[in-house]
1. All but one of (1) under 30 Å from residue 284 (Cβ atoms); (2) in contact with a strand residue (DSSP E or B) (Cβ under 9 Å, 6 or more places away or on another chain) hold for residue 398, so report the exception by its number.
2. Please tell me if residue 43 is farther than 23 Å from residue 157 by Cα, in the same structural domain as residue 100 (by the TED database), surrounded by 15 or more Cβ atoms within 10 Å (Cβ to Cβ) and at pLDDT 95 or above.
3. Give the number of residues within segment 200-215 that are more than 25 Å from residue 311 (Cα to Cα) and surrounded by fewer than 19 Cβ atoms within 10 Å (Cβ to Cβ).
4. Which of the residues that make up segment 413-446 are closer than 18 Å to residue 361 by Cα, in contact with a helix residue (DSSP H, G or I) (Cβ under 9 Å, 6 or more places away or on another chain) and either outside the structural domain of residue 401 (by the TED database) or surrounded by 12 or more Cβ atoms within 10 Å (Cβ to Cβ) (or both)?
5. Hey, residue 141 hits all of (1) within 27 Å of residue 250 (Cβ to Cβ); (2) loosely packed, with under 15 Cβ neighbours inside 10 Å but one; which does it fall short on?
6. With the structure loaded, tell me whether residue 349 is touching a helix residue (DSSP H, G or I) at 6+ places or on another chain (Cβ under 7 Å) and modelled with pLDDT of 85 or more or whether it fails that test.
7. Anything in segment 239-257 that is closer than 19 Å to residue 207 by Cβ and surrounded by fewer than 18 Cβ atoms within 10 Å (Cβ to Cβ)? List them, or say none.
8. Quick one: residue 175 ticks every box in (1) outside any loop (DSSP other than H, G, I, E, B); (2) out of contact with any helix residue (DSSP H, G or I) (no Cβ under 8 Å at 6 or more places or on another chain) bar one, so which box is it?
């Protein structure tokens with residue numbers, strides 16, 4: 001009996017729970033078009049590994065009675081809708097509905113599937129669900145306080161039904177009726193008939209429209225928090241689209257897509273850029289950007305910049321507008337002149353690396369503004385470089401915290417990083433150790449006194465210029 005009990009116990013310990021296979025089909029990429037044609041409601045996931053599918057199993061199981069799922073290899077050479085992988089594309093009777101435009105978590109994938117392919121009648125019961133719907137690319141057809149489906153709406157077209165209560169928090173029309181919301185230009189348009197001319201925007205809606213139709217895509221950042229300025233940018237992009245016709249596709253980067261395009265284009269350190277141009281053949285390497293807001297206000301200035309990109313006169317970098325910023329104080333750098341101003345010069349340089357993303361503490365800007373006068377006659381120039389508006393220059397790191405302080409000794413292209421607590425004595429010692437430049441007691445006292453004055457009154461001359469511009 002004892003031996004039997006031990007045997008049973010041992011058996012229980014080594015028994016493993018069987019894995020339930022996911023309800024999807026693995027399809028070779030050269031056969032995926034045929035598979036899509038055979039499945040009227042379907043989702044294709046383009047990924048290098050089946051491991052992508054495991055976190056999505058609940059979304060797949062919940063929707064498998066209405067939607068077929070397939071996994072296939074990425075096909076970046078021919079795919080017209082996915083700009084990065086893994087990517088998922090939804091199809092309805094062979095027609096592409098939309099593709100994902102961001103990295104998808106299990107929860108976001110579930111929402112994306114259910115709101116991309118569904119029964120023709122879909123009730124939206126909560127404002128947050130409605131907000132998330134409007135973030136999905138493409139046109140959304142919405143019935144406000146209307147249960148009856150007009151005969152002119154195609155039978156297989158998904159119609160999202162909402163009440164005025166659900167949309168009361170949104171600045172959109174609330175009169176009962178049928179509307180189309182164009183995601184790309186945020187237009188909410190009343191419909192009286194199925195007028196397809198209304199559905200097409202002048203702007204490219206990435207994730208819905210074929211993005212390889214032109215060599216270049218150009219667009220402005222839309223923050224979704226400032227309706228007035230966002231509309232100005234959208235109108236500017238539409239006017240630029242009229243100007244360039246089929247040579248350049250214009251779009252708006254907004255919502256979750258901003259982080260996605262930043263990752264793809266290797267510009268995650270940039271706060272903006274406010275105007276980004278990419279070549280569709282190689283978005284990661286061939287991207288160009290203006291990170292100066294003033295440039296987006298003028299159609300002429302954008303046209304001048306874009307013409308230079310097309311003609312090959314601009315390098316594939318993201319930078320502030322290049323202009324002379326040297327003055328009697330802290331000089332400002334762009335990635336375009338960083339090495340020219342700092343490497344192997346006759347003078348020493350102290351650089352503060354900042355980021356528009358997080359701002360600059362007033363004590364740093366005050367110390368630098370005052371220091372630019374204290375060290376003025378000592379062969380030490382003080383500079384500011386905004387890594388939130390520029391690609392990373394050669395030879396320096398992308399930092400995760402700001403500000404950072406570097407010193408470039410004269411006749412050198414190597415730098416040292418200031419790593420002590422930010423105090424005047426520590427900074428003075430750091431400068432002396434790496435450049436040989438020192439301050440006498442009188443200069444030290446004046447430095448400290450002027451910094452205290454500047455901190456107590458930010459509008460004094462000691463903190464003018466650089467700090468005010470920030």
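1. The one condition residue 398 does not meet is (2).
2. Considered against the rule, which asks whether it is farther than 23 Å from residue 157 by Cα, in the same structural domain as residue 100 (by the TED database), surrounded by 15 or more Cβ atoms within 10 Å (Cβ to Cβ) and at pLDDT 95 or above, residue 43 comes out as no.
3. 1
4. Listed by number, the residues that qualify are 418, 422, 424, 427.
5. Failed condition: (2).
6. yes
7. Scanning segment 239-257 gives a single hit, 256.
8. (1)
The values are calculated or read from the model by the stated rules, or taken from the named source; none is laboratory data. Keep in mind it's a predicted model, so treat the numbers as computed, not measured. As a convention, Cβ positions derive from the backbone with ideal geometry for all residues, glycine included, and neighbour counts pool all protein chains shown.
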